[in-house]
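I have placed the structure first, in the form of structure tokens, so that the comments after it can refer back to it.
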Amino acid sequence: MIKEIQAKVLLSSAKRPDPWFGIKYNMNLYRGCQHQCIYCDSRSECYQIENFADILIKANAIDLLRKELSRKRIKGTVGTGSMNDPYMPLEAKVNLTGRALQVIAEFRFGVHILTKSDLVLRDVALLREISREYAAVSFTITTADDDLGKKLEPGAALVSQRFEAMRVLAAEGILTGVMLMPVLPFIEDNEDNIAQIVARARECGASYIIASFGMTLRDRQRAYYYGQLDKLFPGLRNKYEVRFGDQYSCCAINAGKLEKLFHELCSRYGIATRIPQYAPRTAEQMRLF
């Protein structure tokens, strides 16, 4: 189901930018997501999304964004993509993200886009304009293999397409990199996979890779994920239940070893392991003489 809704508030604010993504203001233009990644934390009961396959379009989002940004006294990065992908297939028709970027450019705020789609290339010109302040695009990439990626993230662009989009953005001078998270235990947590992702990111001009070696599993998220494991990886569910029980945070197998390899490779290739932060410009003091 796809339907329009009226939102009361669009942006949520933090006292200071979060240390992982540098986001000061968080923006979700949709509820639900067409990518239907099997591990998505947004299915968790705390987010109160009854059916994550239903897509709710915040029809008044652009008016709200204009109103809320006009009242912000502190410049900061507007982040989008934490609860759903701002470039899910529906965006090609609705253009809610594209219109939001126009408003962000007008008010000269920064932006950090988290996505699994190459549709972001549609808005390269807007991102170049916003990058005069600050613009970053982070592609979630947790496997270097297209076939595995299609199993885990059935509605998202192929991993190879994301890498190529990264190459284009980097060539355009736009800050871009990888979110290497989650790393799924027993599926993606091997040295070869991590090494391939870092090497490919380097080839495609990534400036940074933000990594976390493990995943979350809670209530409805766990139930859905285990159901998908039964279909896609028969027998694997039992390994999760034995090793993790009801734990919320599930570390990748040999997480310490993988993290060490990751940092060694990033150091060798000159890739940052944290995203460069936005520093709002301050007006220069005019001289009297």
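Give the relative contact order (percent, whole number) for the chain; include only Cα pairs under 8 Å separated by 6+ residues.
Details: 519 pairs, mean separation 50.9, N = 289.
About 18 percent, as a whole number.
Within the listed set 273, 176, 77, the Gaussian network model of the chain (springs between alpha-carbon atoms below 10 Å) gives the highest mean-square fluctuation for 273.
Would you kindly state how much longer the chain becomes between residue 46 and residue 74 on full extension, computed as 0.36 nm times their sequence separation minus their alpha carbon distance, in nm to one decimal? Provide the component values of the computation, followed by the final result.
Numbers: separation 28, 0.36 × 28 = 10.08 nm, distance 2.92 nm.
Length difference between fully extended and current span is 7.2 nm.
With neighbours defined as other Cβ atoms within 10 Å of a residue's Cβ, the residues 186, 52 order from fewest to most as 186, 52. Which whole-number percent gives the relative contact order of segment 77-190, counting Cα pairs below 8 Å spaced six or more residues apart? Relative contact order for segment 77-190 comes out at 26 percent.
Assuming R0 = 35 Å, can you tell me the calculated FRET efficiency for the pair residue 268 and residue 3, based on Cβ-Cβ distance, to the nearest 0.05? The calculated FRET efficiency here is 0.10. I'd like the distance between the alpha-carbon centres of segment 218-280 and segment 41-76, rounded to an integer number of Å. Value for the Cα centre distance between the two parts: 26 Å. Between 125, 105, 136, the Gaussian network model of the chain with springs among Cα atoms under 10 angstrom shows the greatest mean-square fluctuation at 125.
As an exercise, use a Förster radius of 22 Å and the Cβ-Cβ distance of residue 67 and residue 121 to find the FRET efficiency, rounded to the nearest 0.05.
Working: r = 29 Å, r/R0 = 1.33.
The pair residue 67/residue 121 has a calculated efficiency of 0.15.
With both residues required to sit in the chain, DSSP beta bridges show an antiparallel share near 25%. A simple spin-label model places the labels of residue 192 and residue 108 5.2 nm from each other, with each point 7 Å out along Cα-to-Cβ.
Every number in this text was worked out from the coordinates using simple rules, so none of it is lab data. Remember, it's a predicted structure, so these values are computed and weren't measured experimentally. Here the Cβ is made from the backbone with ideal geometry for all residues, glycine too, and neighbour counts use every protein chain on show.
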